[in-house]
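Presented below is the structure to which this report refers.
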Amino acid sequence: MLAKVNSCSVIGLDGVLIEVEVDIANGLPAFNIVGLPDTAVQEARERVRAAIKNTGLPFPRTRLTVNLAPADIRKAGPAFDLPIAVGILLAGETIFGDVEKAIFMGELSLDGSVRHVSGILPMATLAHQLGYSRLFVPAPDAPEAALVDGVTVYPVKNLLQVVDHLTGHQRMQPFAADRTLDDGESPAVVDFGEIKGQEHVKRAAEVAAAGAHNMLMTGPPGSGKTLIARAIPGILPRLSLNEALDITRIYSVADMLPGDKPLIRRRPFRAPHHTISYAGLIGGGRFPKPGEISLAHRGVLFLD
């Protein structure tokens, strides 16, 4: 039997659609994952096997092949655990359900519970752009996925919950989105009104903030350069929803979003140490991640 389940991955700051194909054929018991997987994806074999068994569902004792298409894209991270498990259950005819317009993402624990994965927002954005209407994501990531308008987000706590939903035994309730920008938070920590003196520097900072210009400050230690720089985000215009989503998307890929507030509502202020590496500043790595320049998008980057 062959089953196909849709999932997503992230390359840079953009989501990429990944089709998880599961084939169960006659032969000696084996479990192979192909399609250019990294080590974390290869290890999904043991996580998925244990999760299905510990959920109380049968695991096929035949030749099992999982293909992650397209095969020319490097697959990284544990987000494919949940779609692989759902594909195995569908291919083995353990469950039946409509997954054509659904996307599955999530890491599985050995007991079948679903854990957080990074990059949910760009993946949810891609799903909406491609016309997928249902997203099954880890429960901690549901607020982040629900920031995308036009998709129904189901918060998944464990594998059994997905099985019950697909088979119609117990439907999950969609997550209610919260896209408000005014969350009642206290104002910026540093206020220009609290800085005494340095009128010329403050005026220059206001001009730089108004026109989004670069600014160079020189002076002896303790003269107030860092304090003034930290006050600049407080005089910048409030973020629009699109700007907030742009910033949130970057922090989602970097896995730096606060769990209780998925939408970043303030302009970022980044002050990296002077010994920061090249990759840490501009981004990069074996699996590219945003650097400090990207993390300061639509905010302030302070280089001391």
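The values are calculated or read from the model by the stated rules, or taken from the named source; none is laboratory data. Model, not experiment: these values are computed from the prediction. Virtual Cβ from ideal backbone geometry, glycine too; neighbours counted across all protein chains shown.
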(message) With surrounded by fewer than 15 Cβ atoms within 10 Å (Cβ to Cβ), in contact (Cβ under 8 Å) with a residue 12 or more places away in the chain and closer than 30 Å to Lys75 by Cβ as the only criterion, which of Gly284, Gly259, Gly280, Gly291 stands out?
(response) Gly259
(message) Can you confirm whether Ala229 is aliphatic (A, V, I, L, M), under 30 Å from Ala124 (Cα atoms) and either in a helix (DSSP H, G or I) or under 30 Å from the mean Cα position of the chain (by Cα) (or both)?
(response) no
(message) If I filter the range 238-255 down to residues being part of a helix (DSSP H, G or I), within 14 Å of Arg179 (Cα to Cα) and among the polar types (S, T, N, Q), which single residue comes out as farthest from the chain's Cα centre (by Cα)?
(response) Asn242
(message) Quick check on the range 1-26: of everything there that is at pLDDT 95 or above and polar (S, T, N, Q), which residue is farthest from Gly285 (Cα to Cα)?
(response) Asn6
(message) Against the definition (modelled with pLDDT of 95 or more, on the phi > 0 side of the Ramachandran plot and not in a helix (DSSP H, G or I)), how does Gly56 come out, yes or no?
(response) yes
(request) Would you check if Arg267 is among the basic types (Lys, Arg), crowded, with 18+ Cβ neighbours inside 10 Å, in contact with a Pro (Cβ under 7 Å, 6 or more places away or on another chain) and at pLDDT below 95? (result) yes
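Would you call Arg74 in contact (Cβ under 8 Å) with a residue 12 or more places away in the chain, surrounded by fewer than 18 Cβ atoms within 10 Å (Cβ to Cβ) and in contact with an Asp or Glu (Cβ under 9 Å, 6 or more places away or on another chain)?
Spelling it out, Arg74 is indeed in contact (Cβ under 8 Å) with a residue 12 or more places away in the chain, surrounded by fewer than 18 Cβ atoms within 10 Å (Cβ to Cβ) and in contact with an Asp or Glu (Cβ under 9 Å, 6 or more places away or on another chain).
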(message) I'm told Leu110 meets every condition in (1) among the aliphatic types (A, V, I, L, M); (2) surrounded by fewer than 19 Cβ atoms within 10 Å (Cβ to Cβ); (3) in contact with a Phe, Trp or Tyr (Cβ under 9 Å, 6 or more places away or on another chain) except one. Can you identify the failing condition by its number?
(response) (3)
(message) For the condition within 30 Å of Ile250 (Cβ to Cβ) and surrounded by fewer than 24 Cβ atoms within 10 Å (Cβ to Cβ), what is the one hit in Ala79, Ala69, Ala124?
(response) Ala69
